[in-house]
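Have a look at the structure below, then the notes.
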Amino acid sequence: MRFKPAPHKTIETNVFALPEGSLREQFEARERRFMSPFGCLSANALRRVPNTPPCPVRTAFQQDRDRIVYSNAFRRLKYKTQVFLNPMGDEYRTRLTHTLEVAQIARTIARAMFLNEDLAEAIALGHDLGHTPFGHGGETALKEIYSATFTHNKQSLRVVDCLENNGQGLNLTREVRDGILKHSKGFGRVMPENPAELPMTAEGRIVRFADIMAYLNHDLDDAIRSGVIGAHQVPDVCLQVLGCSHSERAIGMIRDLIANSHSSPKGLVLQMSAPVNEAMQILRNFLYDNVYRSDRVHQEFVKAKKILSDLYAHFLGNEPDLQKELHAMEMHGCSDRSQPRERLVCDLLASMTDRYAMGLYKRIFFPSPTI
């Protein structure tokens, strides 16, 4: 529906004539007309803090998307590792560009399946907000030095619930929060066998597929660009089934998911064909063995673990420095005295970018000239 300027007598009254009801209500009505019965209607969204006045212009999931994009945690993603630590090359992916690629794939799939694009995008944009510096190496380090239960997806939920907005959180909807928490697969199945681990919405399940489609594709690109592997090493079946270029692989995986998903008495079943699913798993195994666990990448993560371990010990024993850094990162409102200091230090370290952590380590532990 195109809006036309209302008639006006002077330039001061040059405003748009809007239809009856708020724009948000118009968008919600439009969703009810075109969306698949498997889609999640914005009008049914529930916020973490209930009875919050709705926006007159944006739907609930549009609001969530905007709150995520304007958050400190989202901006920090541009200096957080995807695979290669603090990459100097301008073309290498970071955690931010990974997030944008996941969001683009998720929106494409959601649109094609007549689901809620805004919800899929919001989940995708928020799914890695809690990722540590130094990628999965940083996550492994915090598992060892803080708690074996630490995971980046749980930390992402903590970011949007407790850490952002100086301790007040973003007050996102239940549906987006659920998708953020349940996006992670580790090395497990794309769709978990345990129903409790399955996102509550079809859009949340799409993000799980979009995430693996994105990282399989761009991590392969970056690994070849860096020289960690050669293009000739990629298994033939992956090239034959998925394609030889980034665009071929991306559109091939997307089309396969759309073509092979179907409805059932239990709802929408998202699945890929056996050949594509097998080729993706082979590529996944190949990247784990030859890239993520390669000596070159592993040695850098050993250094990263040393940085995080030393910073963790320093802040545990130095309350003034801890409070100073929480202020510097606009997290001082999160300094709840009822929480163990270990929790605060973990939140601080997980929120840092690669370059911030390295710079802080240098300032604290390297000698500085006195003359």
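The values are calculated or read from the model by the stated rules, or taken from the named source; none is laboratory data. Here the structure is a predicted model, which is why all the values come from computation and not from measurement. Heads up, the Cβs are rebuilt from the backbone with ideal geometry, glycines too, and the neighbour counts pull from every protein chain shown. Side chains are part of the model used for accessible areas, which takes the heavy atoms of the whole protein and leaves out ligands, DNA and RNA. Shrake-Rupley method; radii C 1.70, N 1.55, O 1.52, S 1.80 Å.
Run down Ser263, Ser247 and say which single residue is surrounded by fewer than 17 Cβ atoms within 10 Å (Cβ to Cβ) and under 27 Å from Pro195 (Cβ atoms).
It is Ser263.
State whether one or more residues within region 142-156 are open to solvent by 60 Å² or more (accessible area, probe 1.4 Å), of a type in the set (Lys, Arg), outside any loop (DSSP other than H, G, I, E, B) and at pLDDT 90 or above.
For region 142-156, residues open to solvent by 60 Å² or more (accessible area, probe 1.4 Å), of a type in the set (Lys, Arg), outside any loop (DSSP other than H, G, I, E, B) and at pLDDT 90 or above: present.
Which members of region 215-260 meet the condition of being free of Cβ contacts under 8 Å to residues at least 40 places away in the same chain, outside any helix (DSSP H, G or I) and on the phi < 0 side of the Ramachandran plot?
Passing the criteria: Gly230, Cys244, Ser245.
Right, Phe286: touching a Cys at 6+ places or on another chain (Cβ under 8 Å) and either assigned to a helix (DSSP H, G or I) or surrounded by 13 or more Cβ atoms within 10 Å (Cβ to Cβ) (or both) or not?
Taking the combined requirement at face value, the residue satisfies it.
From the set of residues in region 19-50 that are part of a helix (DSSP H, G or I) and aromatic (Phe, Trp, Tyr), which is least open to solvent (accessible area, probe 1.4 Å)?
Among those that are part of a helix (DSSP H, G or I) and aromatic (Phe, Trp, Tyr), it is Phe27.
Would you call Tyr79 out of contact with any strand residue (DSSP E or B) (no Cβ under 6 Å at 6 or more places or on another chain) and at pLDDT 95 or above?
Answer is no for this residue.
Any residue in region 116-129 that's polar (S, T, N, Q): show its pairings with residues that are assigned to a helix (DSSP H, G or I) at Cβ separation under 6 Å, as long as the two are six or more apart or on different chains.
Matching pairs, first to second residue: Asn116/Glu203.
If Asp161 satisfies every condition in (1) buried (at least 22 other Cβ atoms within 10 Å of the Cβ); (2) in a helix (DSSP H, G or I) but one, which is the exception?
(1)
Considering only region 228-244, how many residues are under 27 Å from the mean Cα position of the chain (by Cα) and either under 21 Å from Val190 (Cα atoms) or open to solvent by 20 Å² or more (accessible area, probe 1.4 Å) (or both)?
5
Here's the yes/no breakdown for (1) closer than 21 Å to Ala43 by Cα; (2) in contact with a Phe, Trp or Tyr (Cβ under 7 Å, 6 or more places away or on another chain); (3) modelled with pLDDT under 95; (4) surrounded by fewer than 19 Cβ atoms within 10 Å (Cβ to Cβ):
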{"position": "Glu121", "(1), (2), (3), (4)": "yes, no, no, no"}
{"position": "His136", "(1), (2), (3), (4)": "no, no, yes, yes"}
{"position": "Thr173", "(1), (2), (3), (4)": "yes, yes, no, no"}
{"position": "Arg177", "(1), (2), (3), (4)": "yes, no, no, no"}
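Hey, Leu311 hits all of (1) of a type in the set (A, V, I, L, M); (2) in a helix (DSSP H, G or I); (3) open to solvent by 20 Å² or more (accessible area, probe 1.4 Å) but one; which does it fall short on?
Of (1) of a type in the set (A, V, I, L, M); (2) in a helix (DSSP H, G or I); (3) open to solvent by 20 Å² or more (accessible area, probe 1.4 Å), only one is false for Leu311: (3).
Kindly indicate whether any position in region 119-131 is among the charged types (D, E, K, R) and under 18 Å from Thr59 (Cβ atoms).
Yes, that holds for at least one residue.
Restricting to region 179-191, name every residue that is assigned to a loop (DSSP other than H, G, I, E, B), open to solvent by 10 Å² or more (accessible area, probe 1.4 Å) and over 19 Å from Glu278 (Cβ atoms).
If the condition is that a residue be assigned to a loop (DSSP other than H, G, I, E, B), open to solvent by 10 Å² or more (accessible area, probe 1.4 Å) and over 19 Å from Glu278 (Cβ atoms), then Lys182, Ser184, Gly186 are the ones that fit.
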